1. Between Asp321, Asp372, which is closer than 21 Å to Arg227 by Cβ and touching a residue at least 40 places away in the same chain (Cβ under 8 Å)?
2. Exactly one condition in (1) within 11 Å of the ligand (Cβ to nearest atom); (2) surrounded by fewer than 20 Cβ atoms within 10 Å (Cβ to Cβ); (3) not charged (D, E, K, R) is not met by His283; state its number.
3. If you go through region 458-473 one residue at a time, how many are over 19 Å from Val428 (Cα atoms) and assigned to a loop (DSSP other than H, G, I, E, B)?
4. Of all residues in region 286-324, which are open to solvent by less than 30 Å² (accessible area, probe 1.4 Å), within 14 Å of the ligand (Cβ to nearest atom) and under 30 Å from Leu518 (Cα atoms)?
5. Looking only at region 428-485, which residues are more than 16 Å from Lys356 (Cα to Cα) and among the aromatic types (Phe, Trp, Tyr)?
6. Looking at Asp354, Asp365, Asp372, can you tell me which residue is surrounded by fewer than 17 Cβ atoms within 10 Å (Cβ to Cβ), acidic (Asp, Glu), at pLDDT 95 or above and within 16 Å of the ligand (Cβ to nearest atom)?
7. Only one residue in Arg50, Arg73 is in contact (Cβ under 8 Å) with a residue 40 or more places away in the chain and open to solvent by less than 80 Å² (accessible area, probe 1.4 Å), so which one is that?
8. Condition first: among the charged types (D, E, K, R) and out of contact with any strand residue (DSSP E or B) (no Cβ under 8 Å at 6 or more places or on another chain). Now tell me which residues in region 307-337 satisfy that.
Amino acid sequence: MELLRFSAFWCGTILFGSFLLEETEAMIIKVKRLCKFCDEQATNCTGKGRCKVECDRTAICPQEDDVCVSVWRKRDDNVTFDTVCHNPAQRLYGLVLENYNNSKCEMKERKGMGAEFFICSCSEDECNEHIIFNSYVASQVVAVILVSLVPLMVMAVVVITSFYCYRVYRQRQASSRRKKGPPLDFSDAHAIMIDDGSDSSSTLANNLNHNTELLPIELDVQVGKGRFAEVYKAKLKQGSSGGEEQGFETVAIKIFRYEEYASWKNEKDIFSDADLRHENVLHFLTAEERKVQRQYWLITAYHPRGNLQEYLSHHIISWCDLWLLGSSLSSGVAHLHSDHTSCGRYKVAIAHRDIKSSNILVKSDLTCCLCDFGLAQRLDNNLSVDELANSGQVGTARYMAPEVLESRINLENIESFKQADVYSMALVLWEIISRCSAIGEVKEYEPPFGNLREHPCVESMKDSVLRDRGRPEIPNSWINHPGIQIVCASIEDCWDHDPEARLTAQCVAERFDEMEYLDKLSDRSDSEEKIPEEIFVVDEK
Ligand code: ADE
(Lines give C-alpha, C1' and ligand atoms only; values in the text may rest on other atoms or scores of the structure.)
Protein backbone atom coordinates (compact mmCIF):
# COMPACT_ATOMS: atom_id res chain seq x y z
CA MET A 1 0.00 0.00 0.00
CA GLU A 2 2.82 2.31 1.01
CA LEU A 3 4.63 1.46 -2.22
CA LEU A 4 1.48 2.31 -4.25
CA ARG A 5 1.20 5.70 -2.62
CA PHE A 6 4.90 6.43 -3.19
CA SER A 7 4.62 5.60 -6.93
CA ALA A 8 1.48 7.72 -7.32
CA PHE A 9 3.31 10.68 -5.80
CA TRP A 10 6.27 10.44 -8.21
CA CYS A 11 4.09 9.95 -11.29
CA GLY A 12 2.14 13.07 -10.35
CA THR A 13 5.35 15.06 -9.84
CA ILE A 14 6.82 14.03 -13.23
CA LEU A 15 3.57 14.88 -15.12
CA PHE A 16 3.35 18.28 -13.48
CA GLY A 17 7.02 18.95 -14.28
CA SER A 18 6.61 18.28 -17.99
CA PHE A 19 3.49 20.47 -18.14
CA LEU A 20 5.47 23.36 -16.61
CA LEU A 21 8.29 22.90 -19.15
CA GLU A 22 5.91 23.13 -22.13
CA GLU A 23 4.33 26.27 -20.69
CA THR A 24 7.72 27.96 -20.19
CA GLU A 25 8.76 27.19 -23.81
CA ALA A 26 5.58 28.77 -25.08
CA MET A 27 6.26 31.84 -22.97
CA ILE A 28 9.80 32.60 -24.42
CA ILE A 29 9.68 36.15 -25.79
CA LYS A 30 11.88 37.34 -28.61
CA VAL A 31 13.90 40.34 -27.40
CA LYS A 32 13.54 43.43 -29.54
CA ARG A 33 16.66 44.99 -30.97
CA LEU A 34 18.12 48.32 -29.76
CA CYS A 35 19.34 50.42 -32.68
CA LYS A 36 20.59 53.91 -33.33
CA PHE A 37 17.58 55.63 -34.82
CA CYS A 38 18.05 59.24 -35.91
CA ASP A 39 16.71 59.02 -39.46
CA GLU A 40 18.63 61.36 -41.73
CA GLN A 41 21.25 63.73 -40.32
CA ALA A 42 24.33 65.46 -41.66
CA THR A 43 27.73 63.85 -41.09
CA ASN A 44 31.45 64.54 -41.52
CA CYS A 45 32.10 60.90 -42.40
CA THR A 46 33.91 60.84 -45.77
CA GLY A 47 32.73 57.34 -46.70
CA LYS A 48 36.17 55.80 -46.12
CA GLY A 49 37.60 53.71 -43.30
CA ARG A 50 35.66 53.68 -40.06
CA CYS A 51 33.01 56.23 -38.97
CA LYS A 52 30.93 56.77 -35.86
CA VAL A 53 27.36 57.85 -36.42
CA GLU A 54 26.63 61.02 -34.44
CA CYS A 55 23.21 59.90 -33.35
CA ASP A 56 22.44 60.09 -29.66
CA ARG A 57 19.07 58.36 -29.92
CA THR A 58 18.87 54.63 -29.25
CA ALA A 59 15.46 53.14 -29.95
CA ILE A 60 13.83 49.81 -29.15
CA CYS A 61 12.91 48.57 -32.59
CA PRO A 62 9.13 48.26 -33.08
CA GLN A 63 9.18 44.73 -34.50
CA GLU A 64 10.89 41.63 -33.16
CA ASP A 65 12.57 40.83 -36.50
CA ASP A 66 13.93 44.33 -37.05
CA VAL A 67 17.65 44.79 -37.55
CA CYS A 68 19.75 47.96 -37.31
CA VAL A 69 20.49 49.79 -40.55
CA SER A 70 22.70 52.72 -41.48
CA VAL A 71 22.73 54.48 -44.85
CA TRP A 72 25.45 56.91 -45.96
CA ARG A 73 24.62 59.19 -48.88
CA LYS A 74 26.41 61.94 -50.71
CA ARG A 75 24.41 64.23 -52.91
CA ASP A 76 26.59 67.13 -54.14
CA ASP A 77 28.15 68.48 -50.95
CA ASN A 78 25.38 67.14 -48.80
CA VAL A 79 26.61 64.09 -46.85
CA THR A 80 24.16 62.31 -44.53
CA PHE A 81 23.68 59.25 -42.38
CA ASP A 82 20.31 57.51 -41.96
CA THR A 83 20.02 55.27 -38.90
CA VAL A 84 16.89 53.16 -38.61
CA CYS A 85 15.36 49.89 -37.44
CA HIS A 86 14.12 47.82 -40.34
CA ASN A 87 12.56 44.42 -41.00
CA PRO A 88 14.88 42.66 -43.47
CA ALA A 89 11.92 40.84 -44.95
CA GLN A 90 10.95 44.14 -46.52
CA ARG A 91 12.85 46.30 -48.97
CA LEU A 92 14.37 49.58 -47.84
CA TYR A 93 14.77 52.29 -50.50
CA GLY A 94 13.83 49.50 -52.90
CA LEU A 95 16.84 47.41 -51.80
CA VAL A 96 16.98 43.99 -50.18
CA LEU A 97 19.11 44.08 -47.01
CA GLU A 98 22.20 41.89 -47.11
CA ASN A 99 24.41 40.41 -44.40
CA TYR A 100 22.04 41.63 -41.67
CA ASN A 101 23.03 38.70 -39.41
CA ASN A 102 26.48 40.27 -38.99
CA SER A 103 27.45 41.71 -35.62
CA LYS A 104 29.19 44.62 -37.38
CA CYS A 105 27.77 47.09 -39.87
CA GLU A 106 29.94 46.78 -42.99
CA MET A 107 28.97 49.27 -45.68
CA LYS A 108 28.42 48.16 -49.23
CA GLU A 109 28.05 50.58 -52.12
CA ARG A 110 24.86 50.33 -54.15
CA LYS A 111 24.85 51.80 -57.64
CA GLY A 112 21.92 53.44 -59.38
CA MET A 113 20.60 55.26 -56.34
CA GLY A 114 21.09 58.72 -57.90
CA ALA A 115 23.96 59.54 -55.54
CA GLU A 116 26.88 57.93 -53.78
CA PHE A 117 24.97 55.44 -51.70
CA PHE A 118 26.29 53.00 -49.06
CA ILE A 119 24.13 50.78 -46.86
CA CYS A 120 24.80 48.31 -44.06
CA SER A 121 22.67 46.23 -41.70
CA CYS A 122 23.45 44.16 -38.61
CA SER A 123 21.85 42.31 -35.72
CA GLU A 124 23.44 43.36 -32.46
CA ASP A 125 22.33 46.14 -30.16
CA GLU A 126 23.47 49.56 -31.45
CA CYS A 127 25.61 47.84 -34.06
CA ASN A 128 24.74 50.54 -36.61
CA GLU A 129 26.66 53.15 -34.62
CA HIS A 130 30.17 52.11 -35.73
CA ILE A 131 30.38 51.82 -39.48
CA ILE A 132 33.03 50.15 -41.60
CA PHE A 133 33.23 51.02 -45.28
CA ASN A 134 33.91 48.01 -47.49
CA SER A 135 36.74 49.76 -49.29
CA TYR A 136 38.30 49.99 -45.85
CA VAL A 137 37.78 46.25 -45.24
CA ALA A 138 39.20 45.48 -48.66
CA SER A 139 42.15 47.75 -48.08
CA GLN A 140 42.70 46.13 -44.67
CA VAL A 141 42.70 42.69 -46.33
CA VAL A 142 45.06 43.90 -49.07
CA ALA A 143 47.32 45.42 -46.42
CA VAL A 144 47.42 42.15 -44.46
CA ILE A 145 48.14 40.19 -47.63
CA LEU A 146 50.84 42.62 -48.65
CA VAL A 147 52.46 42.64 -45.24
CA SER A 148 52.58 38.86 -45.12
CA LEU A 149 53.36 38.14 -48.78
CA VAL A 150 55.81 40.85 -49.74
CA PRO A 151 58.68 39.62 -47.52
CA LEU A 152 58.09 36.09 -48.82
CA MET A 153 58.13 37.29 -52.41
CA VAL A 154 61.25 39.36 -51.81
CA MET A 155 62.95 36.32 -50.27
CA ALA A 156 61.88 34.12 -53.19
CA VAL A 157 63.25 36.65 -55.69
CA VAL A 158 66.55 36.88 -53.77
CA VAL A 159 66.89 33.08 -53.58
CA ILE A 160 66.04 32.54 -57.26
CA THR A 161 68.38 35.32 -58.37
CA SER A 162 71.25 34.02 -56.22
CA PHE A 163 70.72 30.48 -57.48
CA TYR A 164 70.66 31.70 -61.07
CA CYS A 165 73.83 33.78 -60.57
CA TYR A 166 75.53 30.79 -58.91
CA ARG A 167 74.62 28.53 -61.85
CA VAL A 168 75.90 31.06 -64.37
CA TYR A 169 79.09 31.49 -62.32
CA ARG A 170 79.65 27.68 -62.14
CA GLN A 171 78.97 27.28 -65.86
CA ARG A 172 81.46 30.03 -66.70
CA GLN A 173 84.04 28.50 -64.37
CA ALA A 174 83.54 25.03 -65.87
CA SER A 175 83.81 26.25 -69.43
CA SER A 176 86.89 28.37 -68.70
CA ARG A 177 88.44 25.35 -66.97
CA ARG A 178 87.68 23.22 -70.00
CA LYS A 179 89.28 25.82 -72.25
CA LYS A 180 92.39 26.26 -70.12
CA GLY A 181 92.58 22.59 -69.16
CA PRO A 182 93.48 22.82 -65.47
CA PRO A 183 92.83 19.85 -63.19
CA LEU A 184 89.17 18.94 -62.95
CA ASP A 185 88.91 17.71 -59.40
CA PHE A 186 92.30 17.25 -57.94
CA SER A 187 91.36 16.60 -54.37
CA ASP A 188 93.28 13.41 -53.66
CA ALA A 189 96.96 14.14 -53.59
CA HIS A 190 98.03 10.58 -54.23
CA ALA A 191 96.53 9.35 -57.42
CA ILE A 192 97.44 10.87 -60.74
CA MET A 193 101.07 11.10 -61.42
CA ILE A 194 102.31 14.57 -62.23
CA ASP A 195 105.13 14.13 -64.65
CA ASP A 196 107.93 15.09 -62.32
CA GLY A 197 108.77 11.56 -61.44
CA SER A 198 106.80 11.70 -58.23
CA ASP A 199 103.48 10.07 -57.58
CA SER A 200 101.42 13.08 -56.62
CA SER A 201 97.94 13.04 -57.78
CA SER A 202 94.52 14.28 -58.48
CA THR A 203 91.07 13.16 -59.23
CA LEU A 204 87.92 14.03 -61.03
CA ALA A 205 86.13 12.52 -58.05
CA ASN A 206 84.45 9.32 -59.03
CA ASN A 207 82.57 11.16 -61.73
CA LEU A 208 81.58 10.44 -65.25
CA ASN A 209 82.58 12.91 -67.88
CA HIS A 210 79.18 14.23 -68.80
CA ASN A 211 80.74 16.98 -70.88
CA THR A 212 80.28 16.50 -74.55
CA GLU A 213 83.82 17.80 -74.90
CA LEU A 214 86.32 14.99 -74.46
CA LEU A 215 89.35 15.50 -72.26
CA PRO A 216 92.52 16.59 -74.09
CA ILE A 217 94.49 13.36 -73.80
CA GLU A 218 97.55 12.21 -75.68
CA LEU A 219 98.24 8.49 -75.51
CA ASP A 220 101.76 7.32 -74.73
CA VAL A 221 103.02 3.73 -74.42
CA GLN A 222 100.93 0.65 -73.67
CA VAL A 223 101.49 -0.50 -70.09
CA GLY A 224 99.07 -3.38 -69.76
CA LYS A 225 96.76 -5.75 -71.55
CA GLY A 226 93.78 -7.56 -70.12
CA ARG A 227 91.02 -9.83 -71.40
CA PHE A 228 88.79 -6.95 -72.47
CA ALA A 229 91.01 -3.91 -72.66
CA GLU A 230 94.45 -2.42 -73.07
CA VAL A 231 96.00 0.09 -70.67
CA TYR A 232 98.04 3.08 -71.84
CA LYS A 233 100.09 5.68 -70.09
CA ALA A 234 98.82 9.07 -71.28
CA LYS A 235 99.13 12.83 -70.88
CA LEU A 236 96.11 14.77 -69.67
CA LYS A 237 96.88 18.23 -71.01
CA GLN A 238 96.07 21.23 -68.93
CA GLY A 239 97.25 24.73 -68.10
CA SER A 240 97.49 27.94 -70.03
CA SER A 241 97.22 28.53 -73.73
CA GLY A 242 98.61 31.55 -75.63
CA GLY A 243 101.95 30.24 -76.72
CA GLU A 244 103.18 29.06 -73.31
CA GLU A 245 103.98 25.40 -73.00
CA GLN A 246 101.05 23.38 -71.78
CA GLY A 247 101.34 21.42 -68.55
CA PHE A 248 100.04 17.90 -68.22
CA GLU A 249 99.32 15.19 -65.76
CA THR A 250 100.14 11.57 -66.40
CA VAL A 251 97.10 9.34 -66.31
CA ALA A 252 96.32 5.75 -67.23
CA ILE A 253 93.73 5.06 -69.95
CA LYS A 254 92.03 1.71 -70.11
CA ILE A 255 90.69 1.32 -73.64
CA PHE A 256 87.83 -1.07 -74.45
CA ARG A 257 86.69 -1.86 -77.98
CA TYR A 258 83.00 -1.21 -78.73
CA GLU A 259 82.32 -4.97 -78.45
CA GLU A 260 83.47 -4.91 -74.82
CA TYR A 261 80.82 -2.38 -73.82
CA ALA A 262 79.48 -4.62 -71.00
CA SER A 263 82.86 -4.87 -69.33
CA TRP A 264 83.47 -1.10 -69.60
CA LYS A 265 79.97 -0.39 -68.28
CA ASN A 266 80.42 -2.72 -65.30
CA GLU A 267 83.76 -1.21 -64.33
CA LYS A 268 82.51 2.34 -64.89
CA ASP A 269 79.43 1.68 -62.72
CA ILE A 270 81.53 0.18 -59.94
CA PHE A 271 83.96 3.11 -60.07
CA SER A 272 81.15 5.68 -60.17
CA ASP A 273 80.18 4.85 -56.61
CA ALA A 274 81.95 7.60 -54.69
CA ASP A 275 82.06 5.33 -51.63
CA LEU A 276 84.58 3.13 -53.43
CA ARG A 277 87.22 5.83 -53.00
CA HIS A 278 90.02 4.54 -50.85
CA GLU A 279 93.78 4.91 -50.80
CA ASN A 280 94.09 1.20 -51.67
CA VAL A 281 91.66 1.28 -54.59
CA LEU A 282 92.82 2.65 -57.96
CA HIS A 283 91.76 6.28 -58.25
CA PHE A 284 89.17 6.77 -60.94
CA LEU A 285 88.85 10.04 -62.82
CA THR A 286 86.22 9.65 -65.48
CA ALA A 287 84.78 7.50 -68.25
CA GLU A 288 84.35 8.51 -71.88
CA GLU A 289 82.86 7.18 -75.05
CA ARG A 290 85.24 7.91 -77.95
CA LYS A 291 82.83 7.57 -80.84
CA VAL A 292 85.31 8.34 -83.61
CA GLN A 293 87.66 5.54 -82.58
CA ARG A 294 84.70 3.29 -81.59
CA GLN A 295 86.20 2.92 -78.13
CA TYR A 296 85.22 3.27 -74.49
CA TRP A 297 87.75 4.74 -72.08
CA LEU A 298 88.32 4.65 -68.34
CA ILE A 299 90.69 7.34 -67.13
CA THR A 300 92.46 6.62 -63.84
CA ALA A 301 95.54 7.47 -61.83
CA TYR A 302 98.81 6.23 -63.26
CA HIS A 303 101.25 4.26 -61.11
CA PRO A 304 104.67 3.96 -62.74
CA ARG A 305 105.75 0.98 -60.63
CA GLY A 306 103.16 -1.10 -62.52
CA ASN A 307 101.41 -4.16 -61.19
CA LEU A 308 102.41 -6.28 -58.22
CA GLN A 309 103.27 -9.33 -60.33
CA GLU A 310 105.73 -7.31 -62.40
CA TYR A 311 107.09 -5.65 -59.28
CA LEU A 312 107.70 -8.94 -57.47
CA SER A 313 109.26 -10.44 -60.60
CA HIS A 314 111.90 -7.73 -60.55
CA HIS A 315 112.38 -6.90 -56.88
CA ILE A 316 113.29 -8.66 -53.66
CA ILE A 317 111.52 -6.93 -50.84
CA SER A 318 112.23 -6.34 -47.14
CA TRP A 319 109.95 -7.27 -44.23
CA CYS A 320 108.99 -3.61 -44.10
CA ASP A 321 107.97 -3.69 -47.78
CA LEU A 322 106.09 -6.93 -47.19
CA TRP A 323 104.22 -5.30 -44.34
CA LEU A 324 103.34 -2.25 -46.46
CA LEU A 325 102.17 -4.33 -49.42
CA GLY A 326 100.24 -6.91 -47.34
CA SER A 327 98.66 -4.45 -44.96
CA SER A 328 97.52 -2.12 -47.77
CA LEU A 329 96.23 -5.03 -49.87
CA SER A 330 94.11 -6.37 -46.99
CA SER A 331 92.88 -2.83 -46.18
CA GLY A 332 91.82 -2.31 -49.81
CA VAL A 333 89.94 -5.62 -49.92
CA ALA A 334 88.38 -4.94 -46.49
CA HIS A 335 87.16 -1.55 -47.74
CA LEU A 336 85.71 -3.12 -50.86
CA HIS A 337 83.89 -5.78 -48.79
CA SER A 338 82.68 -3.41 -46.13
CA ASP A 339 79.07 -2.21 -46.02
CA HIS A 340 80.04 1.05 -44.37
CA THR A 341 82.52 3.82 -45.08
CA SER A 342 85.22 4.94 -42.65
CA CYS A 343 82.73 7.56 -41.39
CA GLY A 344 80.19 4.84 -40.64
CA ARG A 345 77.85 5.72 -43.51
CA TYR A 346 76.16 2.82 -45.33
CA LYS A 347 77.83 1.70 -48.57
CA VAL A 348 77.25 -1.20 -50.90
CA ALA A 349 79.74 -4.03 -50.35
CA ILE A 350 81.61 -5.07 -53.50
CA ALA A 351 83.24 -8.38 -54.38
CA HIS A 352 86.21 -8.04 -56.76
CA ARG A 353 86.05 -11.62 -58.08
CA ASP A 354 89.39 -11.45 -59.89
CA ILE A 355 91.96 -10.69 -57.20
CA LYS A 356 95.44 -11.60 -58.44
CA SER A 357 98.85 -9.97 -58.37
CA SER A 358 98.45 -8.57 -61.90
CA ASN A 359 95.25 -6.77 -60.83
CA ILE A 360 97.02 -4.95 -58.01
CA LEU A 361 99.12 -1.85 -58.66
CA VAL A 362 102.12 -0.79 -56.62
CA LYS A 363 102.13 2.88 -55.65
CA SER A 364 105.29 4.90 -55.18
CA ASP A 365 105.12 4.50 -51.37
CA LEU A 366 105.05 0.73 -51.89
CA THR A 367 101.44 0.38 -50.87
CA CYS A 368 98.97 -1.47 -53.07
CA CYS A 369 95.84 -0.40 -54.84
CA LEU A 370 93.27 -2.72 -56.34
CA CYS A 371 92.42 -2.29 -60.01
CA ASP A 372 90.46 -3.97 -62.80
CA PHE A 373 86.88 -4.03 -61.60
CA GLY A 374 85.57 -5.52 -64.85
CA LEU A 375 84.23 -8.59 -63.05
CA ALA A 376 83.34 -6.92 -59.76
CA GLN A 377 79.89 -7.42 -58.32
CA ARG A 378 77.93 -5.03 -56.12
CA LEU A 379 76.58 -7.13 -53.25
CA ASP A 380 73.23 -5.37 -52.96
CA ASN A 381 71.16 -7.00 -50.24
CA ASN A 382 68.17 -7.09 -52.54
CA LEU A 383 69.92 -8.97 -55.38
CA SER A 384 68.10 -12.21 -56.18
CA VAL A 385 69.83 -15.59 -56.27
CA ASP A 386 69.15 -15.64 -60.02
CA GLU A 387 70.87 -12.31 -60.53
CA LEU A 388 73.91 -13.52 -58.59
CA ALA A 389 73.92 -16.89 -60.38
CA ASN A 390 73.81 -15.15 -63.78
CA SER A 391 77.30 -13.89 -63.21
CA GLY A 392 78.45 -17.55 -63.15
CA GLN A 393 81.96 -18.81 -62.59
CA VAL A 394 84.21 -15.82 -63.15
CA GLY A 395 87.80 -14.92 -62.41
CA THR A 396 91.21 -16.40 -63.23
CA ALA A 397 91.40 -20.20 -62.77
CA ARG A 398 94.77 -20.06 -60.95
CA TYR A 399 93.30 -17.85 -58.20
CA MET A 400 89.82 -19.42 -58.00
CA ALA A 401 88.60 -20.65 -54.62
CA PRO A 402 87.64 -24.37 -54.50
CA GLU A 403 83.89 -23.58 -54.30
CA VAL A 404 84.20 -21.29 -57.37
CA LEU A 405 86.13 -23.95 -59.30
CA GLU A 406 83.32 -26.44 -58.75
CA SER A 407 80.61 -23.76 -59.22
CA ARG A 408 79.24 -24.44 -55.75
CA ILE A 409 79.33 -20.96 -54.33
CA ASN A 410 76.49 -20.34 -51.86
CA LEU A 411 74.37 -17.79 -53.74
CA GLU A 412 72.00 -17.41 -50.77
CA ASN A 413 74.69 -15.58 -48.84
CA ILE A 414 76.55 -12.57 -50.21
CA GLU A 415 79.38 -13.31 -47.75
CA SER A 416 80.35 -16.26 -50.00
CA PHE A 417 81.62 -13.82 -52.66
CA LYS A 418 83.81 -12.10 -50.09
CA GLN A 419 85.11 -15.48 -48.86
CA ALA A 420 86.13 -16.38 -52.43
CA ASP A 421 88.01 -13.03 -52.68
CA VAL A 422 89.79 -13.77 -49.39
CA TYR A 423 91.04 -17.10 -50.79
CA SER A 424 92.54 -15.27 -53.82
CA MET A 425 94.03 -12.62 -51.54
CA ALA A 426 95.79 -15.36 -49.53
CA LEU A 427 97.53 -16.54 -52.73
CA VAL A 428 98.72 -12.98 -53.39
CA LEU A 429 100.03 -12.67 -49.81
CA TRP A 430 101.91 -15.93 -50.39
CA GLU A 431 103.44 -14.45 -53.57
CA ILE A 432 104.56 -11.36 -51.63
CA ILE A 433 106.24 -13.45 -48.90
CA SER A 434 107.93 -15.63 -51.51
CA ARG A 435 109.92 -12.58 -52.60
CA CYS A 436 110.83 -11.30 -49.13
CA SER A 437 114.45 -11.43 -48.01
CA ALA A 438 113.33 -12.26 -44.45
CA ILE A 439 112.46 -15.86 -45.48
CA GLY A 440 116.08 -16.76 -46.18
CA GLU A 441 116.91 -17.89 -49.68
CA VAL A 442 114.65 -16.09 -52.17
CA LYS A 443 113.89 -17.94 -55.42
CA GLU A 444 112.93 -16.47 -58.78
CA TYR A 445 109.39 -15.12 -58.82
CA GLU A 446 106.78 -17.82 -59.44
CA PRO A 447 103.03 -17.41 -59.33
CA PRO A 448 101.06 -19.61 -56.91
CA PHE A 449 100.77 -23.15 -58.33
CA GLY A 450 103.69 -22.11 -60.54
CA ASN A 451 104.38 -25.73 -61.44
CA LEU A 452 101.26 -25.62 -63.63
CA ARG A 453 101.35 -24.26 -67.16
CA GLU A 454 101.16 -20.55 -67.87
CA HIS A 455 97.38 -20.25 -67.91
CA PRO A 456 96.03 -23.33 -66.17
CA CYS A 457 92.45 -24.17 -67.04
CA VAL A 458 89.67 -24.73 -64.53
CA GLU A 459 89.98 -28.53 -64.84
CA SER A 460 93.68 -28.66 -63.92
CA MET A 461 93.09 -26.23 -61.05
CA LYS A 462 90.28 -28.51 -59.83
CA ASP A 463 92.74 -31.41 -59.74
CA SER A 464 95.22 -29.46 -57.62
CA VAL A 465 92.92 -27.47 -55.36
CA LEU A 466 89.88 -29.77 -54.99
CA ARG A 467 91.03 -33.35 -55.57
CA ASP A 468 94.51 -33.01 -53.99
CA ARG A 469 93.53 -30.17 -51.62
CA GLY A 470 96.84 -28.61 -52.71
CA ARG A 471 97.99 -25.14 -51.72
CA PRO A 472 101.26 -23.29 -52.42
CA GLU A 473 104.05 -24.55 -50.20
CA ILE A 474 105.02 -22.67 -47.00
CA PRO A 475 108.54 -23.91 -46.22
CA ASN A 476 109.66 -24.08 -42.58
CA SER A 477 112.37 -21.50 -43.22
CA TRP A 478 109.64 -18.90 -43.82
CA ILE A 479 108.35 -18.99 -40.27
CA ASN A 480 111.66 -18.15 -38.63
CA HIS A 481 110.66 -14.52 -38.89
CA PRO A 482 108.01 -13.70 -36.22
CA GLY A 483 106.05 -11.37 -38.53
CA ILE A 484 106.09 -13.76 -41.46
CA GLN A 485 105.00 -16.54 -39.11
CA ILE A 486 101.87 -14.54 -38.25
CA VAL A 487 101.20 -13.67 -41.90
CA CYS A 488 101.59 -17.36 -42.88
CA ALA A 489 99.12 -18.39 -40.16
CA SER A 490 96.65 -15.85 -41.57
CA ILE A 491 97.25 -17.12 -45.12
CA GLU A 492 96.44 -20.67 -44.05
CA ASP A 493 93.25 -19.45 -42.37
CA CYS A 494 92.33 -17.52 -45.54
CA TRP A 495 92.73 -20.40 -48.01
CA ASP A 496 90.83 -22.91 -45.88
CA HIS A 497 88.79 -25.33 -47.99
CA ASP A 498 85.69 -24.36 -45.99
CA PRO A 499 84.76 -20.81 -47.06
CA GLU A 500 83.00 -20.17 -43.73
CA ALA A 501 86.22 -20.95 -41.82
CA ARG A 502 88.19 -18.26 -43.65
CA LEU A 503 89.21 -14.99 -42.03
CA THR A 504 87.67 -11.75 -43.26
CA ALA A 505 89.87 -9.23 -45.05
CA GLN A 506 89.20 -6.84 -42.17
CA CYS A 507 90.60 -9.38 -39.71
CA VAL A 508 93.76 -9.81 -41.83
CA ALA A 509 94.15 -6.00 -41.99
CA GLU A 510 93.85 -5.81 -38.20
CA ARG A 511 96.49 -8.53 -37.77
CA PHE A 512 98.84 -6.46 -39.95
CA ASP A 513 98.09 -3.39 -37.81
CA GLU A 514 99.03 -5.33 -34.70
CA MET A 515 102.39 -6.21 -36.30
CA GLU A 516 103.44 -2.64 -36.91
CA TYR A 517 106.01 -2.85 -34.09
CA LEU A 518 107.82 -5.70 -35.93
CA ASP A 519 108.11 -3.43 -38.90
CA LYS A 520 110.23 -0.99 -36.87
CA LEU A 521 112.33 -3.74 -35.24
CA SER A 522 113.38 -5.63 -38.31
CA ASP A 523 113.51 -3.05 -41.05
CA ARG A 524 117.10 -1.98 -40.51
CA SER A 525 118.68 -5.39 -41.05
CA ASP A 526 116.33 -6.19 -43.93
CA SER A 527 117.10 -3.11 -45.95
CA GLU A 528 120.77 -4.09 -45.92
CA GLU A 529 119.90 -7.44 -47.37
CA LYS A 530 117.84 -5.84 -50.07
CA ILE A 531 119.22 -6.40 -53.53
CA PRO A 532 119.90 -3.02 -55.15
CA GLU A 533 116.84 -2.04 -57.12
CA GLU A 534 118.62 -0.93 -60.29
CA ILE A 535 119.70 -4.49 -61.01
CA PHE A 536 116.11 -5.66 -61.09
CA VAL A 537 114.27 -2.69 -62.47
CA VAL A 538 113.35 -3.19 -66.08
CA ASP A 539 112.49 -0.09 -67.95
CA GLU A 540 109.53 1.59 -66.41
CA LYS A 541 106.39 1.84 -68.47
N1 ADE B 1 98.54 -0.98 -65.51
C2 ADE B 1 97.22 -1.09 -65.44
N3 ADE B 1 96.71 -0.01 -64.88
C4 ADE B 1 97.70 0.82 -64.61
C5 ADE B 1 97.81 2.07 -64.00
N6 ADE B 1 96.73 2.70 -63.60
N7 ADE B 1 98.99 2.61 -63.81
C8 ADE B 1 100.05 1.94 -64.23
N9 ADE B 1 100.05 0.77 -64.80
C10 ADE B 1 98.88 0.20 -64.98
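The values are calculated or read from the model by the stated rules, or taken from the named source; none is laboratory data. Treat the numbers as computed from the prediction; the structure is a model and nothing was measured. Glycine also receives a Cβ, built like all others from the backbone with ideal geometry; neighbour counts cover every protein chain displayed. Note: areas computed on protein heavy atoms with side chains; ligands, DNA, RNA excluded. Shrake-Rupley method; radii C 1.70, N 1.55, O 1.52, S 1.80 Å.
1. Values: Asp321 fails: closer than 21 Å to Arg227 by Cβ.
Selected residue: Asp372, the only one of Asp321, Asp372 that is closer than 21 Å to Arg227 by Cβ and touching a residue at least 40 places away in the same chain (Cβ under 8 Å).
2. Failing condition for His283: (2).
3. 1
4. His303, Pro304, Gly306, Asn307, Leu308, Tyr311, listed by residue number.
5. Across region 428-485, the qualifying residue is only Trp478.
6. Working: Asp354 fails: surrounded by fewer than 17 Cβ atoms within 10 Å (Cβ to Cβ); Asp372 fails: surrounded by fewer than 17 Cβ atoms within 10 Å (Cβ to Cβ).
On inspection, the qualifying residue turns out to be Asp365.
7. On the way: Arg50 fails: open to solvent by less than 80 Å² (accessible area, probe 1.4 Å).
So the residue among Arg50, Arg73 that is in contact (Cβ under 8 Å) with a residue 40 or more places away in the chain and open to solvent by less than 80 Å² (accessible area, probe 1.4 Å) is Arg73.
8. As a first pass, look at region 307-337 and keep what is among the charged types (D, E, K, R): 310, 321.
Within region 307-337, just Glu310 meets the criteria.
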